[in-house]
């Protein structure tokens, strides 16, 4: 294809390094959560999003979009979290078609128990490896990518002004 904008050697190196780093990083994070907390990262993310929402409750559609999940995948995950007693689903009082997901007290306790190990894994595998300047550059790069790739704001969570003091 004559119009293909092939990657030059530096871009190819950057791409492959980025791809490898993100895969290795998320593999470690997933393993840590599974081993230490018995939670897949996707379920942990749902618990975090709900913990940050007003009254620990979000519409299922908001929860799906903010966690970058399809509605069917989110519905399955919430069903599993309901079975564990960590999330409760209830009808939306304003819209008969909508449903709300609410973090239960047991779910909050589960999140609070899992958070220290998860935060330490994030710190050890990301922040401790980078200088403050590299961390700032990573934030700027990530924000730029999110702005280009997302149709709607996904972070901070609805109702969270700055994300400070929250589980990672």
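Read-outs throughout are calculated quantities, based only on the coordinates presented, and are distinct from any laboratory measurement. Here the structure is a predicted model, which is why all the values come from computation and not from measurement. Cβ placement follows ideal geometry from the backbone for every residue including glycine, while neighbour counts extend to all protein chains displayed.
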I'm trying to understand the selection: among the residues of segment 117-153, which are under 17 Å from residue 41 (Cα atoms) and either in contact with a helix residue (DSSP H, G or I) (Cβ under 7 Å, 6 or more places away or on another chain) or surrounded by 13 or more Cβ atoms within 10 Å (Cβ to Cβ) (or both)? 117, 118, 119, 120, 121, 122, 125, 126
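Checking the condition in contact (Cβ under 8 Å) with a residue 24 or more places away in the chain, in a strand (DSSP E or B) and within 17 Å of the chain's Cα centre (by Cα), which residue from 77, 101 passes? Reasoning before the result, please.
Numbers: 77 fails: in a strand (DSSP E or B).
Among 77, 101, only 101 is in contact (Cβ under 8 Å) with a residue 24 or more places away in the chain, in a strand (DSSP E or B) and within 17 Å of the chain's Cα centre (by Cα).
I'd like the full set of residues that are part of a helix (DSSP H, G or I) and surrounded by 13 or more Cβ atoms within 10 Å (Cβ to Cβ), limited to segment 80-98.
Here is the first cut: in segment 80-98, the residues part of a helix (DSSP H, G or I) are 80-83.
Once the filter is applied, which keeps residues that are part of a helix (DSSP H, G or I) and surrounded by 13 or more Cβ atoms within 10 Å (Cβ to Cβ), segment 80-98 yields 80, 81, 82.
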Go through segment 93-152 and give me each residue that's under 26 Å from residue 34 (Cα atoms) and in contact with a strand residue (DSSP E or B) (Cβ under 8 Å, 6 or more places away or on another chain). 101, 102, 103, 104, 107, 111
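Does segment 128-135 include one or more residues that are within 16 Å of the chain's Cα centre (by Cα) and part of a helix (DSSP H, G or I)?
Our first condition is that a residue be within 16 Å of the chain's Cα centre (by Cα); within segment 128-135, this holds for none.
Taking every residue of segment 128-135 in turn, none turns out to be within 16 Å of the chain's Cα centre (by Cα) and part of a helix (DSSP H, G or I).
Given the criterion surrounded by 21 or more Cβ atoms within 10 Å (Cβ to Cβ), under 17 Å from residue 112 (Cα atoms) and in contact with a strand residue (DSSP E or B) (Cβ under 9 Å, 6 or more places away or on another chain), identify the matching residue among 50, 63.
Working: 63 fails: under 17 Å from residue 112 (Cα atoms).
Matching residue, one of 50, 63: 50.
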Taking segment 37-47 as the search range and keeping residues that are assigned to a helix (DSSP H, G or I) and touching a helix residue (DSSP H, G or I) at 6+ places or on another chain (Cβ under 7 Å), which one is surrounded by the fewest Cβ atoms within 10 Å (Cβ to Cβ)? 41
